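Written below as structure tokens is the structure these notes are about.
The values are calculated or read from the model by the stated rules, or taken from the named source; none is laboratory data. As the structure is a computational prediction, the values presented were derived from the model and not from experiment. Ideal geometry is used to build each Cβ from the backbone, glycine not excepted, and the neighbour counts take in all protein chains shown.
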Amino acid sequence: MMEFTKQQRRVFFWMLVGVFVASLAYSFYFRIPPAVDARAYDTIAQNIVQGNGYREWLDTSLNNDNAIIRVGPGYEFFLAGLYFLFGHHYEIVWIAQAFLLMLTALLTFLTAREIFGNSFMEDMEDGGTSHAWLIGVVAAALVGFSPDLITMQGMLMTETLGIFLIVLSVYLFFRYVRIGEAHISSNRVAGFWMAGLIALVLALATLVRTPSILLALPMGGYLLWHKQWRAIICMAFVGTLVFTPWTVRNYRVFGEFIPTNLASGFNLLAGNHPGANGEQEPYLILDEYVKKYGYVEANRRATNGALAFVASHPLEYAKLTLLRASIYFSFARPTGFWFHLSGASKIITLAASAIYAFILFAFGFWGIAVFLQEYFKRNITTPQHYNNRIFLFLCMLVMMPIAIIPIIVETRYRMPIYPFFAIFAGFGFWKLRESSRCLTCFALVVFLVLANTAFDVLLNIDRIIERISGI
């Protein structure tokens, strides 16, 4: 792989230090107490450490406990591990999560280097070193200094750990791809162990944020295409080992096959029922289901109810899905409506989040558009190879919205896509910097991003005004 200059390494090192310091400063300045979901994760983690098991309530039986519909169990066990080692102190969580965000920025840079390596930049005078460095640094900065991700790491929420594991699994997979492309026999053993490590990290990511499992589709597709059967068997075996203990525990408690949690049916029906707007809003019938049938049956009925709605109202479901897609990519949906923010801090957070989302999506979509144009153009003239690693990475990016948009949408649910878009944004920034001829096409992409946001605002103006009026 390419080597960077001493000056480039120094700049990147201090940028990472800046990410860690900014994250830590945010956490210790606001000292955000756990509330709602964060309070539930905190309570479950404390119960694990105290020997009460994975549960949120102590005044009910285990099979009637609310913990099973919480996102998890990965993040709760992560908190429990920190509490077991250092005691119940939020400060240690803030430090750990600031470190994880810094590592996520680092891994974003390394992933960009893997996919925008020499094979992509081989026609550059310097072998692509400075260009790959620029793409990686822009991507890492967009991740590390994201106002959304800095806010999330200051709370006891799943996003920081989940996104770190997602990016780590993607980076390891592209390392594996590079090992395979080298065609060195001594690398086969290293590649075999790498496949097991990828499966381990991806399984852990799924236990933190269930939609992460969709990354297995492009990864598995690549392995199948290249007939790497031993890697497929290894990854399936390791993944099964990771999920088995939790699945067995859930079967003993609930008598059902539950590899992660029971949140899926609840979210599916909350976003897809007559009168739904596709967003995360309370749906009282879910509480009625739980009271009447318990969590397992409530989840089953919720799933069946949502599927029945889709089957009987396909056009309405299609409309909801399109609306969710618009909301997902709208920069009029910033994060910042958190209880610890008020007055100037809330206004600054909302403005920073909206500007960040605009930059990320504008440059990200631009980078994707430029890549696809060049990819198909070069594959027509030279069909042997262009850079399939970037195309594979794009397939991984697509998995993130596919996992969310058909079900239910909320601003923080789109955050796992940030590192993917950040890398394409870095590529788009480099392309725009290299050629002024790109300005017209870039302006078109900006217009489309603005148009989508305007569409979201027009359709949901009442909801947006309702939230802004509380500032």
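A few comments on the model shown:
Here is a yes/no grid of residues against (1) surrounded by fewer than 21 Cβ atoms within 10 Å (Cβ to Cβ); (2) in contact (Cβ under 8 Å) with a residue 24 or more places away in the chain; (3) of a type in the set (V, I, T):
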| site | (1), (2), (3) |
| --- | --- |
| A311 | yes, no, no |
| A318 | yes, no, no |
| R333 | no, yes, no |
| H340 | yes, yes, no |
| A352 | yes, yes, no |
| F361 | no, yes, no |
| G367 | no, yes, no |
| K377 | yes, no, no |
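- Among the residues of region 206-222, those identified as within 21 Å of G180 (Cβ to Cβ) and crowded, with 23+ Cβ neighbours inside 10 Å are L215, M219.
- Among (1) closer than 25 Å to P147 by Cα; (2) surrounded by fewer than 19 Cβ atoms within 10 Å (Cβ to Cβ) - the single one I285 does not satisfy: (1)
- Residue ID - nearest to T321 (Cα to Cα), chosen from residues in region 264-281 that are touching a Lys or Arg at 6+ places or on another chain (Cβ under 9 Å) and crowded, with 18+ Cβ neighbours inside 10 Å: G278
- Number of positions in region 1-42 that are surrounded by fewer than 20 Cβ atoms within 10 Å (Cβ to Cβ), of a type in the set (V, I, T) and over 30 Å from W133 (Cα atoms): 1
- Flag for R70 being within 22 Å of the chain's Cα centre (by Cα), closer than 20 Å to E297 by Cα and either buried (at least 21 other Cβ atoms within 10 Å of the Cβ) or not polar (S, T, N, Q) (or both): yes
- One residue alone among F455, F393 is surrounded by 18 or more Cβ atoms within 10 Å (Cβ to Cβ) and either modelled with pLDDT of 90 or more or in a helix (DSSP H, G or I) (or both), and that residue is F393.
- Being in contact (Cβ under 8 Å) with a residue 24 or more places away in the chain, more than 20 Å from the chain's Cα centre (by Cα) and within 16 Å of F331 (Cβ to Cβ) is a condition met by no residue of region 413-423.
- Of all the numbered requirements in (1) within 28 Å of V242 (Cβ to Cβ); (2) of a type in the set (D, E, K, R); (3) not in a loop (DSSP other than H, G, I, E, B), E91 misses one, and that requirement is (1).
Yes/no matrix, rows are residues, columns are (1) touching a strand residue (DSSP E or B) at 6+ places or on another chain (Cβ under 6 Å); (2) among the small types (G, A, S); (3) within 25 Å of G428 (Cβ to Cβ); (4) modelled with pLDDT of 90 or more:
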position: F337; (1), (2), (3), (4): no, no, no, no
position: S342; (1), (2), (3), (4): no, yes, no, no
position: I348; (1), (2), (3), (4): no, no, no, yes
position: A354; (1), (2), (3), (4): no, yes, yes, yes
position: F361; (1), (2), (3), (4): no, no, yes, yes
position: A369; (1), (2), (3), (4): no, yes, yes, yes
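- Only one of the numbered conditions (1) surrounded by fewer than 19 Cβ atoms within 10 Å (Cβ to Cβ); (2) farther than 23 Å from R39 by Cβ is violated by K291, and that is (2).
- Hits in region 195-205 - residues which are over 17 Å from T104 (Cα atoms) and buried (at least 20 other Cβ atoms within 10 Å of the Cβ): A195, A199, A203
- Top-ranked residue in region 18-58 [being over 30 Å from A263 (Cα atoms) and without any contact (Cβ under 8 Å) to a residue 12 or more places away in the chain; ranked as farthest from the chain's Cα centre (by Cα)]: Y29
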